[in-house]
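The values are calculated or read from the model by the stated rules, or taken from the named source; none is laboratory data. On a predicted model such as this, the values are computed, not experimentally measured, just so you know. All Cβ positions, glycine included, derive from the backbone under ideal geometry; neighbour counts span all protein chains shown. Just the protein is used for accessible areas: all its heavy atoms, side chains included, with ligands, DNA and RNA removed. Shrake-Rupley method; radii C 1.70, N 1.55, O 1.52, S 1.80 Å.
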Amino acid sequence: DPLLCERYFDHAKIIIVDRDPRDIFVDNMLWTDFLVKRPNSEEEAEKFCQFFLAYRANDSVRSPVILRIHFEDLVKHYDDETQKIMQFLDLKSESHFAPMTFFDPSVSDKNVGIWKKYYREYQKAIDYISIRLKSYLYLENGSKL
């Protein structure tokens, strides 16, 4: 619940960075077995979808203290997204004193669309996720469905 932070912090601002669920699935499969045990099964894809939807149960919450951005946009449109974040936080451009030091889009670019690299191997699961979580997919043209 993003607004839960308001209980603990005065004047909190929340930035939610979302990511294409197909990339989250593949990333989880590559680095941990927390959610994915048998990656190319619809059964595992369904478990992932249930977890994904439960985690995003409060996605409809809209508030002036919440900014939602996409990881893919931050990578592909770094300057525009950084400007959005700065405006949201009421920061001046000089406050951004170490651009690309902690987040370098050229490094993170390899993590955008990773599901495509593994599509043949995990087609069943990725297709299932693409259908079930259609409204969360990130499109090539930089927009959500």
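Across the chain, the longest piece that holds none of the GluC sites (Glu not before Pro) lying in DSSP loops with up to 13 other C-beta atoms within 10 Å covers 1-120.
Loop-located trypsin sites (Lys or Arg not before Pro) in the range 60-145 (DSSP state not H, G, I, E or B) with no more than 12 neighbouring Cβ atoms inside 10 Å: Arg62, Lys92, Arg120.
List the pairs from Lys76/Lys116; Lys76/Lys117; Lys47/Lys76; Lys13/Lys84; Lys84/Lys134; Lys13/Lys110 whose alpha-carbon separation is above 21 Å, in the order I gave them. Long pairs (Cα-Cα over 21 Å): Lys47/Lys76; Lys84/Lys134; Lys13/Lys110. Per residue, the accessible area of the chain comes to 65 Å² when a 1.4 Å probe rolls over the protein heavy atoms. Taking every alpha-carbon pair under 8 Å whose residues sit at least 6 apart, the range 1-142 reaches a relative contact order of 38 percent.
Exposed loop positions in the chain were taken to be chymotrypsin sites (Phe, Trp or Tyr not before Pro) whose DSSP state is not H, G, I, E or B and which have at most 11 other beta-carbon atoms within 10 angstrom. Between these positions, the longest stretch is 35-96. The charge dipole of the chain, taken about its Cα centre with unit charges on the Cβ of Lys, Arg, Asp and Glu (plus for the first two, minus for the last two), comes to roughly 340 debye. Hey, can you grab everything whose amide H is under 5 Å from the amide H of Ile16? Only 5+ residues off in sequence or another chain; H modelled, so Pro and N-termini drop out. Placed amide hydrogens put Leu67, Arg68, Ile69 under 5 Å from Ile16.
Once the Cβ-Cβ distance of Glu43 and Lys134 is raised to the sixth power relative to R0 = 25 Å, the FRET efficiency obtained is 0.80.
Note on Asp90 and Leu4: with the Förster distance fixed at 25 Å, the Cβ-Cβ geometry gives a FRET efficiency of about 0.65. The length gained on full extension between Lys117 and Arg19, counted as 0.36 nm times the residue separation minus their Cα-Cα distance, comes to 33.6 nm. Note on the chain: helix-only mean residue ellipticity at 222 nm, from DSSP H runs of 4+ residues weighted -39500 (n - 2.57) and normalised by residue number, equals -12000 deg cm²/dmol. What a 1.4 Å probe finds exposed on the range 1-90 is 53% carbon and sulfur by accessible area, rounded to a whole percent. Placing unit charges on the Cβ atoms of the charged side chains and taking the dipole of the chain about its Cα centre, the candidate lying farthest along the positive direction among Leu133, Val75, Tyr55 is Leu133.
Were the residues from Val65 through Phe103 laid out at 0.36 nm apart, the gain over their Cα-Cα distance would be 11.4 nm.
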